[in-house]
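Reviewing the structure listed below.
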Amino acid sequence: MIVEIHARLGNAAFFYAAILALWALWRIIRKQGVDSNFWGALVIAEGLILLQGILGVYLYFFSGLKLARQIHVLYGALSALVIPAAFGFTRGHQERRDMAIYTATMLCMALLAMRALQTAGMLLTFE
């Protein structure tokens, strides 16, 4: 049951990050910076990744399941760090340049989520 939730949250994290990357790109095209709506979406993205990580830690240490590839843990840890790292890099500024950084950040997060799903053998499914 928890494995299924972990897999579904992984799919959600991939799609959510991809949508945020497209939204950020759209804001750049429209010459806009980061606004409160986008900040809120970033907080939700980070919360989703942290919940995913908590379930992953539980599965790793308490369920008895073994990963086929340990690099899955690295992808998960990096996913949890990209948004705080981008925030630290931009120092919370809200200009158009900072939106470009968040576009790259969310694209990176989407790619990390996709690789984490692939290394766990849980490729994106539409059931």
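Here, each number is a calculation from the coordinates, and none is a lab measurement. Everything numeric here is computed off the predicted structure, so don't read it as measured data. Counting neighbours? That spans all protein chains shown, and the Cβs are built from the backbone with ideal geometry, glycine included.
The table for this structure:
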{"read-out": "Equivalent ellipsoid semi-axes, region 1-112, via Cα gyration tensor eigenvalues times 5, rooted, Å", "value": "29, 12, 11"}
{"read-out": "The chain: calculated mean residue ellipticity at 222 nm from DSSP helix runs of at least 4, using -39500 (n - 2.57)", "value": "-27500 deg cm²/dmol"}
{"read-out": "C-alpha center-to-center spacing [region 1-56, region 57-89] in angstrom", "value": "15 Å"}
{"read-out": "Cα-centre dipole for the chain with unit charges at Cβ (Lys and Arg positive, Asp and Glu negative), debye to 20", "value": "300 debye"}
